[in-house]
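In what follows, a structure is listed as structure tokens, so that the remarks can point back to it.
The values are calculated or read from the model by the stated rules, or taken from the named source; none is laboratory data. These numbers were taken from a predicted model, which means no experiment stands behind them. Here the Cβ positions follow ideal geometry from the backbone for every residue, glycine too, while neighbour counts run over all protein chains shown. Surface areas here come from the heavy atoms of the whole protein model, side chains and all, with no ligands, DNA or RNA. Shrake-Rupley method; radii C 1.70, N 1.55, O 1.52, S 1.80 Å.
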Amino acid sequence: MAIPALSNRQVYRGKVVSLDVDTVRFPNGSTGELEIIRHPGAAAVLPFASDPHGADPTILLIEQYRYAANGPLIEIPAGRLNPGEAPEQCARRELLEEVGVKAGRLERLTTIWTTPGFTDERIHLFWASDLTADQHAREPDEFIEVTPKPLSEVLTLIRGGVICDAKTVLGILYVAGFVLEH
């Protein structure tokens with residue numbers, strides 16, 4: 001059940017997010033103020049460099065410097081939606097920009113809320129295969145190294161806490177559990 005805002009006050013508007021304070025009526029009839037980070041949404045894609053249904057397929061991960069994490073994280077390519085951009089289009093764009101490949105096949109996995117306690121950000125997850133090399137076009141603040149890894153190693157890195165980015169962990173486990181079931 002959606003709770004409509006009784007009033008809305010924008011506190012900050014930035015390049016990536018904005019902060020609003022909404023006055024809302026809760027399901028029990030009481031009212032209160034909630035801070036919410038508004039985000040346009042994003043798409044993320046798990047690219048397979050080899051046959052996804054083959055023995056121990058290779059995934060193209062990226063190692064990317066993340067200021068908020070105080071260093072690099074191992075991730076799948078992702079980025080925020082441009083105004084009017086479809087999630088699939090964003091996934092294809094980010095795959096080319098960050099990894100330098102185009103996908104012959106792109107399949108939707110699911111859509112997730114990142115942290116619904118304080119943001120409306122949703123990430124649309126995809127997987128890609130039949131990749132062809134092209135030229136990447138990274139943003140000036142993107143410091144990325146592409147790191148191909150076999151799925152078995154990736155799952156070990158998730159279990160060991162080395163891969164801890166939520167969209168990446170969820171996308172990989174979703175594919176391993178529901179797409180590549182044997």
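Restricting attention to the stretch 57-67, does a residue exist that is free of Cβ contacts under 8 Å to residues at least 40 places away in the same chain, closer than 30 Å to L155 by Cα and assigned to a strand (DSSP E or B)? Yes: the stretch 57-67 contains one or more residues that are free of Cβ contacts under 8 Å to residues at least 40 places away in the same chain, closer than 30 Å to L155 by Cα and assigned to a strand (DSSP E or B).
Which residues, counting only those in the stretch 159-182, are surrounded by fewer than 19 Cβ atoms within 10 Å (Cβ to Cβ) and either small (G, A, S) or over 15 Å from the mean Cα position of the chain (by Cα) (or both)? Once the filter is applied, which keeps residues that are surrounded by fewer than 19 Cβ atoms within 10 Å (Cβ to Cβ) and either small (G, A, S) or over 15 Å from the mean Cα position of the chain (by Cα) (or both), the stretch 159-182 yields R159, G160, G161, V162, A166, A176, G177, F178, V179, L180, E181, H182. Among residues of the stretch 1-27 that are within 19 Å of R122 (Cβ to Cβ), those with a beta-carbon under 6 Å from a residue that is among the aliphatic types (A, V, I, L, M) and open to solvent by 50 Å² or more (accessible area, probe 1.4 Å) at least six positions away or on a different chain give the pairs L19/V11; D22/A5; D22/L34. Selection of the stretch 108-148 for residues being of a type outside the set (A, V, I, L, M, F, W, C), open to solvent by 40 Å² or more (accessible area, probe 1.4 Å) and touching a residue at least 40 places away in the same chain (Cβ under 8 Å) yields T114, D120, R122, H136, R138, E139, E145, P148.
When residues in the stretch 84-98 are screened for being open to solvent by 20 Å² or more (accessible area, probe 1.4 Å) and assigned to a helix (DSSP H, G or I), 7 of them pass. Scanning the stretch 15-43 for residues that are closer than 30 Å to L106 by Cβ and either outside any strand (DSSP E or B) or open to solvent by 90 Å² or more (accessible area, probe 1.4 Å) (or both) yields K15, V16, V17, H39, P40, G41.
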